[in-house]
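Shown next, in structure tokens, is the structure this report addresses.
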Amino acid sequence: MGSVYVVGSVNTDLVVRTPRFPVAGETVVGEAFATYGGGKGANQAIAAARMGARVGLVGAVGDDPYSEQRLADLVGDQVDIATVARRPRVAGGVALILVTQSGENAITIVPGANGTVTSDEVEAALRGRLGPGDVVCAQLEVPTPAVHAAMQIGREAKATTVLNAAPYRPDAREMLDLVDVLVVNDLEARQLVGVESEDISAMQVVERLQRLGTRNVIVTRGSHGALFALREARFGVPAPEVQVVDTTAAGDAFIGALVALLAEGRDWEVLAPRAVWAGALAVQRAGAQPSLPRRVEVEEAVRKVPLTVLPAAAF
């Protein structure tokens, strides 16, 4: 079994539950406030570790109390933090999150130390460690040069490279030829190909992404499940019907399961339903990292409610 290396952000999530999103100039009285560990990098690393993977995280935190707690959280989930840098006199990343009664969220991120991660640090962390069977995963909450370095080193080492191109950045297109598996939501997929309208179908968007160089494209579609456009097959996996509490970490749970199972060498037919179920389990609990499911929960869900793999044309 290979290892998973995640290059990404470490945040503290400051979460307010609100009956609805305020409009410009409006004050809405919230219902509850909580602080959680977050950041796409840390979330995906913990999600993969809870699925049973050996996981190392490459990133940066500050020298504030929030950052110390985030490191303790990662260690508690058996994520290797040897390559997480500590920045003196810098605050760690923070995300301000509004969550409505329906579970939808709106997020503003202050990168803090995440914005200081360099390509040289990624090089030092990954060069010589990655090999065939390993998976390197990155998102776009750290500087693009660091992400590009992760994809380049992974490709040279014959590891599987996974990019979650979120939040959207135009320069992400420049590294798609280094990406084995691209994971985006509907909006991010359309932004990457420069078509934000609904004038073309999801499959046409995917085909354009594949022409940009990435080999396999996965489009997560929230309550509709996920579309898998792979070199060898195209299919969709619908999401199960669940009670939605908080959608903040649904995508991170999906990707954590995805990379953990890729590192195990699992076939897509085994992997896809488990990744979708991981996301579905996450939305049923509040908070990013507290919501991330463990392997036993995912396997039990798949056993009780198997998800049907559908032809892409029907999805």
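Computed from the coordinates by the stated procedures, all read-outs in this text should not be read as laboratory data. The structure presented is a predicted model; accordingly, all values stated were derived computationally and were not measured. Reconstructed Cβ throughout: ideal geometry from the backbone, glycine too, with neighbour counts over all protein chains shown.
Things worth noting here:
- Of all DSSP bridge pairs formed entirely within the chain, close to 40 percent run antiparallel.
- Mean Cβ count within 10 Å, highest first, over the residues of peptides 174-181, 6-13, 157-164: 6-13, 157-164, 174-181
- Put simply, when 27-34, 96-103 are sorted by average Cβ atoms within 10 angstrom per residue, most first, you get 96-103, 27-34.
- In summary, the chain shows an alpha-carbon radius of gyration equal to 0.93 times the 2.2 N^0.38 Å reference for compact globular proteins.
- Rounded D (µm²/s) - region 104-214, Kirkwood Rh over Cα pairs, Stokes-Einstein at 20 °C, 1.002 mPa s: 145
- Sorting the segments 65-71, 252-258 by their residues' average number of neighbouring beta-carbon atoms within 10 angstrom, most packed first, yields 252-258, 65-71.
- When only alpha carbons are used to place a centre, region 114-189 and region 240-315 end up 22 Å from one another.
- Normalised contact order of the chain, rounded percent, pairs of Cα under 8 Å and 6 or more residues apart: 18
- Hz values of 3J(HN,Hα) by residue in region 85-98 - Karplus curve (6.51, -1.76, 1.60), Gly and Pro given as x: 6, 9, 9, x, 6, 10, 7, x, x, 9, 10, 9, 10, 9
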